[in-house]
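Asks: Here you go, one structure.
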Amino acid sequence: MSMYEKAAYLKGLADGMKLGEATDADKLMRNIIDIIAEMAGAIDDIDADIDEVIDQLDAVDTDLADLEEYVYDEGPDYDDDCCCGEDLYEIDCPSCGEVITVDGEILEEGSMECPACGELLEFDFDCDCEDCADEED
């Protein structure tokens with residue numbers, strides 16, 4: 001039984017006892033029961049809000065666990081034996097001198113535009129790992 005239902009039960013008991021406005025004690029008892037009913041309603045609302053927050057927190061916790069697994073355990077879909085994905089390389093743009101950091105996948109593509117000046121940068125990169133050699137065959 002919820003707090004609100006319990007307060008309603010108290011109100012019903014007071015009605016059955018025929019508590020009215022006749023005496024000061026009756027007035028006091030009626031007001032106390034009314035306050036209890038209001039507090040019970042507020043508590044029920046807070047309980048519903050807490051349940052919703054808990055559900056949202058569980059969803060965030062699940063998402064965070066997935067993100068942690070992705071970042072710390074698996075990372076992107078790079079093969080651990082392949083040098084093409086995880087290693088980062090610094091390249092100096094011959095036109096503007098900007099230092100650009102790229103990964104092996106960009107190097108394998110063969111070219112890219114410098115983000116600073118737009119100059120086309122071409123790469124001659126051959127990966128000699130087994131996975132890349134298998135893909136070429």
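Values in this text are rule-based calculations from the coordinates and carry no lab data. This is a predicted model, so every value here is computed, not measured. Please note: Cβ atoms are built from the backbone with ideal geometry, for glycine as well, and neighbour counts cover all protein chains shown.
Asks: Counting Lys and Arg as +1 and Asp and Glu as -1, what is the net charge of the other residues whose Cβ lies under 13 Å from the Cβ of Ser2? It would help to have the intermediate numbers written out before the result.
Replies: Values: positive: Lys6; negative: Glu5, Asp44, Asp45, Asp47, Asp51.
Taking every Cβ under 13 Å from that of Ser2, the sum is -4.
Asks: Separate question: Counting only residues 5 or more places away or on other chains, whose amide H sits under 5 Å from the amide H of Glu119 once H atoms are built in the peptide plane?
Replies: Cys114
Asks: So, one more: Using θ = phi - 60° and the Karplus relation 6.51 cos²θ - 1.76 cosθ + 1.60, list the HN-Hα couplings for region 113-120 in order, rounded to whole Hz, with x at every Gly or Pro.
Replies: The phi angles translate into 8, 5, x, 7, 10, x, 5, 6 Hz.
Asks: Of the trypsin sites (Lys or Arg not before Pro) in region 1-64, which ones lie in a loop per DSSP and count no more than 15 other C-beta atoms within 10 Å?
Replies: Answer by residue number: Lys18.
Asks: List the residues, sorted by chain then number, that are 5 or more residues from Glu98 or on another chain and whose placed amide H is less than 5 Å from its amide H.
Replies: Answer set, sorted by chain and number: Cys93.
Asks: Set Lys and Arg Cβ to +1 and Asp and Glu Cβ to -1, take the dipole of region 3-74 about its Cα centre, and tell me which of Ile50, Ala14, Ala65 lies farthest positive.
Replies: Ala14
Asks: Then there is this: Write out the GluC sites (Glu not before Pro) in region 4-59 meeting two conditions: DSSP loop, and at most 16 other Cβ atoms within 10 Å of their Cβ.
Replies: Qualifying residues, ordered by number: Glu21.
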